[in-house]
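Note sheet for the following structure.
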Amino acid sequence: MHEALFQPVQLGAISAANRILMAPLTRGRADADAVPSARMAEYYRQRASAGLIISEATAISREGYGWHAAPGIWTPGQTEAWKPVTEAVHQAGGKIVMQLWHMGRIVHSDYLDGQAPLSASATTAPDHAHTPTGRKPHVEARPATLDDIARTLDDYAAAARNAKAAGFDGVQLHGANGYFIDQFLRLSTNHRDDDYGGSPENRTRLLRQVLERLVAVWGADRVSVRLSPNGDSQGCDDPDPAAIFSEAARVCQTLQLGFVELRQPGPEGTFGRTDVPKQDALIRSIYTGPLVLNSDYTAAEADADVSSGRCDAVSFGRPFISNPDLPARIRAGAEWAPNVNVPQSWYLPGEAGYIDYPAMDAAG
């Protein structure tokens, strides 16, 4: 079934065997020092039949780290601990890129020895932050100085080098979901009046500069970006998404990135919903490289959008949690196993709800 999804696709320099990608999924199975755990290698190995795995969001620095037990890539120990993960995926015939993450104002000051988090402007995220001692209200961020930006660019470059040393096949910049890059892109969080604020060209400056640093390490054809161009995300929004994300698309086109991934919820979204129109057609009219779409797809919907040329591949997130062999299930027309103890098992430590989901044959 759904043969369009099982055609190979070239994502820049990465040859994917099918068009069913695994989207980035925070799972909280690293240790307190953001070092990947041994069980993470088994988790990713089980899912290596995806055309490409995009790793869970991985912090580029202590300053950008604000989710307890999420992994990092800024220390030698973290870098070494990722090597068994990439080796396991490659031995199983898969491909994996690392998603590079700076959370910006979503980082709680508890992670920063009481200091304010870094963002485009002095704004405060809604709701609560995840901290080692529980959920706490977000705190007001401090506006990034030019020195802060220069240091952060260096952090991204160092993380990209570490990802290469760890054996990944490329990197993806997390530019979505209301995190640091997104906070510079959108007007609700960017009130700057310098070269990083105001016009769409200025608000995409940091996006371009970070991508240039990643390209310098990896080459453009092994660099991608994830964007969330429609609707609010963690209080990060824009009144004119077409203007800012068409400019972001021009950055991606100019740099000739390997692929672009868009998370686009709709009005019936199950993990965030919005009536703001999806922007993929506009972005596809500007960025001519491979386009990957994400958010609440069924197999039939994914097949239809790939078959029509709307996108080149679809990334599935939560279905991959409980269906480690999701491509096989899609090909066989089998039902997808449901996630259990949701959302507790998504983030709690241990094997339960992580590496204990059986493959289709084992499940009977």
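When you look at SER308, is it under 15 Å from ARG19 (Cβ atoms), of a type in the set (Gly, Ala, Ser) and without any contact (Cβ under 8 Å) to a residue 60 or more places away in the chain, yes or no? So SER308 fits the description; yes. Pairing residues of the stretch 111-131 that are on the phi < 0 side of the Ramachandran plot and crowded, with 23+ Cβ neighbours inside 10 Å with residues that are in a loop (DSSP other than H, G, I, E, B) and β-branched (Val, Ile, Thr), at Cβ distances under 6 Å and at least 6 apart in sequence or on separate chains, gives PRO117/VAL107; ALA120/THR189.
Taken over the stretch 127-160, the criterion of being closer than 25 Å to ALA248 by Cα and in a loop (DSSP other than H, G, I, E, B) is satisfied by ALA141, ALA144, THR145.
Kindly indicate whether LEU153 is over 21 Å from ASP232 (Cβ atoms), in contact (Cβ under 8 Å) with a residue 12 or more places away in the chain and among the hydrophobic types (A, V, I, L, M, F, W, C). Show your work before the answer.
Numbers: over 21 Å from ASP232 (Cβ atoms): yes; in contact (Cβ under 8 Å) with a residue 12 or more places away in the chain: yes; among the hydrophobic types (A, V, I, L, M, F, W, C): yes.
Yes; evaluated as a whole, the condition is true for this residue.
In this structure, does GLY350 turn out to be at pLDDT below 95, more than 21 Å from the chain's Cα centre (by Cα) and on the phi > 0 side of the Ramachandran plot? Yes. Scanning the stretch 84-113 for residues that are touching a strand residue (DSSP E or B) at 6+ places or on another chain (Cβ under 6 Å) and among the acidic types (Asp, Glu) gives a single hit, ASP110. The helices (runs of 4 or more DSSP H) falling completely within the stretch 250-349 that include 1 or more residues that are in contact with a Cys (Cβ under 8 Å, 6 or more places away or on another chain) and not hydroxyl-bearing (Ser, Thr, Tyr) map to 280-286, 299-308. Out of all the residues in the stretch 267-286, which are of a type outside the set (A, V, I, L, M, F, W, C), within 17 Å of VAL314 (Cβ to Cβ) and crowded, with 17+ Cβ neighbours inside 10 Å? Passing the criteria: LYS278, GLN279, ASP280, ARG284.
Of all residues in the stretch 330-356, those that are over 17 Å from GLU56 (Cα atoms) and crowded, with 20+ Cβ neighbours inside 10 Å total 1. Sort out which residues of the stretch 87-104 are within 17 Å of the chain's Cα centre (by Cα) and part of a helix (DSSP H, G or I), and write them in order of number. Correct list: GLY104 only. Taking the criterion of being at pLDDT 95 or above and over 26 Å from GLN46 (Cα atoms), would at least one residue in the stretch 330-345 satisfy it? Scanning the stretch 330-345, I find no residue that is at pLDDT 95 or above and over 26 Å from GLN46 (Cα atoms), so the answer is no.
Yes or no, residue by residue, for (1) surrounded by fewer than 17 Cβ atoms within 10 Å (Cβ to Cβ); (2) on the phi > 0 side of the Ramachandran plot; (3) touching a Leu at 6+ places or on another chain (Cβ under 7 Å):
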site: LEU5; (1), (2), (3): no, no, no
site: VAL9; (1), (2), (3): no, no, no
site: ALA38; (1), (2), (3): yes, no, no
site: ARG45; (1), (2), (3): no, no, no
site: THR58; (1), (2), (3): no, no, yes
site: GLU63; (1), (2), (3): no, no, yes
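Among the residues of the stretch 58-112, count how many are within 20 Å of ILE149 (Cα to Cα) and among the charged types (D, E, K, R). Counting residues in the stretch 58-112 that are within 20 Å of ILE149 (Cα to Cα) and among the charged types (D, E, K, R) gives 3.
Within the stretch 66-86, the residues that satisfy the criterion of being part of a helix (DSSP H, G or I) and within 18 Å of ASP31 (Cβ to Cβ) are PRO76, GLY77, GLN78, THR79, GLU80, ALA81, TRP82, LYS83, PRO84, VAL85.
Would you be able to tell me the number of residues in the stretch 7-65 that are assigned to a loop (DSSP other than H, G, I, E, B), basic (Lys, Arg) and closer than 30 Å to ASP361 by Cα?
Narrowing the stretch 7-65 to residues assigned to a loop (DSSP other than H, G, I, E, B): 7-8, 12-13, 17-19, 23-38, 47-52, 60-65.
Checking which are basic (Lys, Arg) leaves us with 19, 27, 29, 47, 62.
In the following step, the residues that additionally are closer than 30 Å to ASP361 by Cα were identified as 19, 27, 29, 47.
Here the count works out to 4.
The residues of the stretch 187-231 that are assigned to a loop (DSSP other than H, G, I, E, B), surrounded by 18 or more Cβ atoms within 10 Å (Cβ to Cβ) and within 20 Å of the chain's Cα centre (by Cα), listed by number, are THR189, THR204, SER228, PRO229, ASN230, GLY231. Checked against the criterion of being charged (D, E, K, R), closer than 27 Å to PRO265 by Cα and either touching a Pro at 6+ places or on another chain (Cβ under 8 Å) or modelled with pLDDT of 95 or more (or both), the stretch 168-185 has at least one qualifying residue. Figure legend. Inter-residue proximity from the stretch 252-275: first residues at positive phi, second residues buried (at least 16 other Cβ atoms within 10 Å of the Cβ) and part of a loop (DSSP other than H, G, I, E, B), beta-carbon distance below 6 Å, spacing 6+ or different chains. Indicated pairs: GLY272/PRO265.
Could you check, for the stretch 32-44, whether at least one of its residues is modelled with pLDDT under 95 and under 22 Å from GLY353 (Cβ atoms)? Outline the logic, then answer.
Step one: filter the stretch 32-44 for residues modelled with pLDDT under 95, giving 32.
Narrowing the set further to residues that are under 22 Å from GLY353 (Cβ atoms) leaves 32.
Within the stretch 32-44 (the criterion being modelled with pLDDT under 95 and under 22 Å from GLY353 (Cβ atoms)), the answer is yes, since at least one residue qualifies.
Kindly indicate the residue of the stretch 161-179 that is assigned to a helix (DSSP H, G or I) and touching a Phe, Trp or Tyr at 6+ places or on another chain (Cβ under 8 Å) and also surrounded by the most Cβ atoms within 10 Å (Cβ to Cβ) among those meeting that condition. Among those that are assigned to a helix (DSSP H, G or I) and touching a Phe, Trp or Tyr at 6+ places or on another chain (Cβ under 8 Å), it is ALA163.
Of the numbered criteria (1) at pLDDT below 95; (2) crowded, with 18+ Cβ neighbours inside 10 Å, the one ARG135 fails is (2).
The values are calculated or read from the model by the stated rules, or taken from the named source; none is laboratory data. Everything numeric here is computed off the predicted structure, so don't read it as measured data. Backbone-built Cβ (ideal geometry, glycine too); neighbour counts: all protein chains shown.
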